[in-house]
Every structure is written in structure tokens, then in C-alpha cells.
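Sending over a structure as C-alpha cells; questions will come in a sec.
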Amino acid sequence: MRHAHGIQYALLGVVSRNPEGVHGYALKRQCERFLGSFWQLNFGEIYRVLDKLADEGQIEQMAGESSRKVYRITERGRQNLDDFILTPPTDAPRPLRQELAVKLLFASAAQMTDVLQMIDHQREAYMSQLHQLGAQRRKIRCLPMDSFVTGLLIDGAEGQVRAELTWLDDVTTKLQERFGAESSA
Amino acid sequence: MIEFQGVSKVFGSGPTAVRSVDDLSFRIPKGSFWALMGPSGSGKSTVLHLIAGLTPPSSGSVRVEGVDIARMSAPESAALRRHRVGYVLQTFNLLPFLTAEENVGMPLVLDGVRQREVDGRVQQALEMVNMSHRAAHHPMHLSGGEQQRVAIARALVIEPAIILADEPTGNLDRAGGRAVMDLIQEVNEQTQVTVLLVTHDPVFAAYGQRVLRLVDGRLQQDMKLPDKPPALDLGVAG
């Protein structure tokens, strides 16, 4: 649900948290706070989704404001959001490690050194992600808001990366045992 | 600064000899935070022992703050450990019959520092690890995480140049481990102490700016972890 649905409900949710109304800029900032850097939103995307939500009558523009468009959630939008929250997630389990598996399937023994280097490269990328997730965790701790869900998202991402790294270590060990190849330092 | 040049460490001799560290070279700049990762038996702890001067290298040179460990006399290497290197272990190693503050002050007392100065420095170290309110407690009345905080204060009280942390989270649950790692990072940032962490947990190793992966005593991989890597999309959003 990377695009249409996820972002639509994320924005609807944030609008619902602002009963006194909210404009696009504040919305973007609040989204970033709630979701950390998991979703990178740009203004174009936000305004497109807001227009769509307004067309569908899920949010409405408040009258009497300045030049900026200030939105609040409608009864219909709230009902829609409630339905969404209580519907089981549709995310399918992610396909795992397919690309590397295919490479391994067709790599010859002579290519093993290169394959092991590729795995090292992959490991470094994952370690960098963990480093960044740690930095993000410290950052949300300093924010003057409840970042409970962001914390859960970081936990989940860390768990995924950890599993990938464990698997990569395992693949490396087993390839070395099987082919006697050595990964370069 | 810690510098390894072609360092090997062999335990035993003849056919039963074990090469624990094998031709290892690296240079850790002052004030940085590095991690050593690898499966058990990969030589991680031996690297820390070599830095602390607990064991001499079989070949190559280990330099700590510009001084070659192998050229130090026994008293000099003991002085290095007492004054420059703080050690944090998985098992905390607090003395059970002493209070938290007495444990923290022990390295200073053994070093003949005057009690008044000991008191001041202990208080400061306990404040740094947020354990002032537990100063008078004995280890058995502290949680694992609190005991490790006290052990970190004991390492800090000598105002070390280097902290060697050997699986400091090994006896803690995930949250406790994270709190200890946060503390070590904070200490690194605030005091510019050089930190070398040994861990097999990638999440904790990733606190470091640089991660060395050892396998069978050899450097298998040297990873630099940038503060701002490319934006990540781990599929959390789909």
C-alpha cells in the first residue's frame, strides 16, 4: 500500500487529529513526525491527495480563513477512517531475497568471490540502515509528541534488517564451506 | 588513538596452536566509536585484551595513544589499564559487598586518590549514568541494566581515553541493552572518549561509526556507516 491507499489514510488520520483544522504545510510536518522518515512525502503529492479527499467529501475546507486552505475531517471521512482501521491489513508478506537467490542459482564456482563481495556490499548497506534507524530512534525521543507508533515501525524495520543480516552471514559461511572461496576484506 | 599493524596472536604452539588474531591492521582515531562484530571465537575479545595490554601480540605492533604495548614494562601496562582504559564487561563484575558508589570509587581508592577527591569524582560519574539515586544500593538490589550503568560509571571514573566494551548488553534484555548502548554513545559524544565495542548483535554494532567484521581472527569486512545514508524504504510502507 505504498502509494494511493497508505498515504490517503495517513493524511486523513492526521487531519482527524486536528479538529480545529489544518493546512497543507502543517500537515506535512505532522506526517513526518508521526511516520518518521518511513514515508517521504512531497507537497505535490500531499495536495493531490487532499484535493481527492475533498472531492470525495471526506474532508472539507473551512470557511473564513486566509488565503491558505484549511481542512478538517467530515463525518463521512471519519467513518471511512474507522472502517479502514478495523479492516485487516492487505499487505502481502514481502517476497524474500529473490534476487540474490537467482544470482546464487546461476553463479558458477569461479564467480563465487564476486558473489561474496556482493553479499558484503549488501551487508554494509543493511548496517548503514541500522545505523540510521538508531539515529531516528534517538531523534523521535526528543520530539514533543507521542511517537509510539513510529517506535513500533522502527522496531519492525530493525527486526527485518536483523533477519536479513543473519541470513547473509549464513549464506556467506555456507558458500565458503561449499566452494572454499574467500570474501575479500 | 589505537593502532594495529599486522597483529597476530597465537595461543599455544605446534599442531595445537590456535591463531586467535591473524594479521590484523586498523587505526581507530581518538574520540571515535567503532564496533567489532563476528561469531564467537572470531578473536573479538582477544583484540580488546591486546589493547588493554592483558596479553602481548605474537607478532606485529599494538600502539595505544602512540605507545607500543609490547615495549611497556608490566607496571607501565598496569598503569595504562588503571588510568587510560575503562573496561566494561558482559558480567558487570561489581563487588557484591560494596555499594554502587563504593564500587565506582574502587579504581581511585586502589590508586591512592584522596577520599575527598574520590567522593567528588564518583558523584560525577554516577550523575553521568543517571544512577545518583542508587548510590547507596548494593548490586543485588539493582537490576541488570542498573548494574551495568554502575559498571560504566566505574569505567568512567578514571576519566579514560578509551572504553573497551565486551558484549556489554549480553546479559540484558533488548530494552535494557538499548539503554546501555544509548548511554555509551552519549558518553562517547560528551567526553570524546574512544569507544571500541565488541558485540555479535548487528543492531548494537550499528551504533558505531565503523564496524569491523572478524571471522577466524581475520578482518573479513570493514564497514563505514555514514550518518546520512541514502533514504531508506525498508518496505514498511509496502
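Of the residues B:L108, B:L164, B:L225, which exhibits the maximal mean-square fluctuation in a Gaussian network model of chain B defined by a 10 Å Cα contact cut-off?
Ranking B:L108, B:L164, B:L225 by mean-square fluctuation puts B:L225 first.
How would you classify chain B from its alpha-carbon gyration tensor, with a ≥ b ≥ c the square roots of the eigenvalues: rounded for a/c under 1.5, else prolate if a/b is greater than b/c, otherwise oblate?
oblate
In addition: For peptide A:165-171, compute the average count of partner chain beta-carbon atoms within 10 Å of each residue's beta-carbon.
Other-chain Cβ atoms within 10 Å of each residue's Cβ, averaged: 2.
Per DSSP H run of at least 4 residues, take -39500 (n - 2.57); add these up for chain B, divide by its residues and hand me the 222 nm value, nearest 500 deg cm²/dmol.
Rounded to the nearest 500, it is -10000 deg cm²/dmol.
Let me ask something additional. Using DSSP, restrict attention to beta bridges with both residues in the protein assembly as shown and report what percent are antiparallel, rounded to the nearest 5.
Percent antiparallel among DSSP bridges in the protein assembly as shown is about 60.
Rounded if a/c is under 1.5, else prolate if a/b is larger than b/c, else oblate: which is the protein assembly as shown, with a ≥ b ≥ c the root eigenvalues of its Cα gyration tensor?
The shape class here is oblate.
Then there is this: For each of A:V171, B:V113, B:V195, B:V187, count neighbouring Cβ atoms within 10 Å of the residue's Cβ, then give the residues from fewest to most.
B:V113, A:V171, B:V187, B:V195
Let me ask another. Over chain B, what is the relative contact order in whole percent, taking alpha-carbon pairs under 8 Å and six or more residues apart?
The value is 28 percent.
Considering only lysines 8 or more places apart in sequence, or on different chains, count the pairs in the protein assembly as shown whose C-alpha atoms sit under 22 Å apart.
Lysine pairs meeting both conditions in the protein assembly as shown amount to 14.
Another question, if that's okay. Specify the inter-centroid distance of segment B:133-152 and segment B:21-65, based on alpha-carbon positions, in whole Å.
29 Å
We did not get these values from a lab; they are worked out from the coordinates using the rules stated. Predicted model only: the values in this text are computed from it and were never measured. Note that each Cβ is placed from the backbone with ideal geometry, even for glycine, and that neighbours are counted across all protein chains shown.
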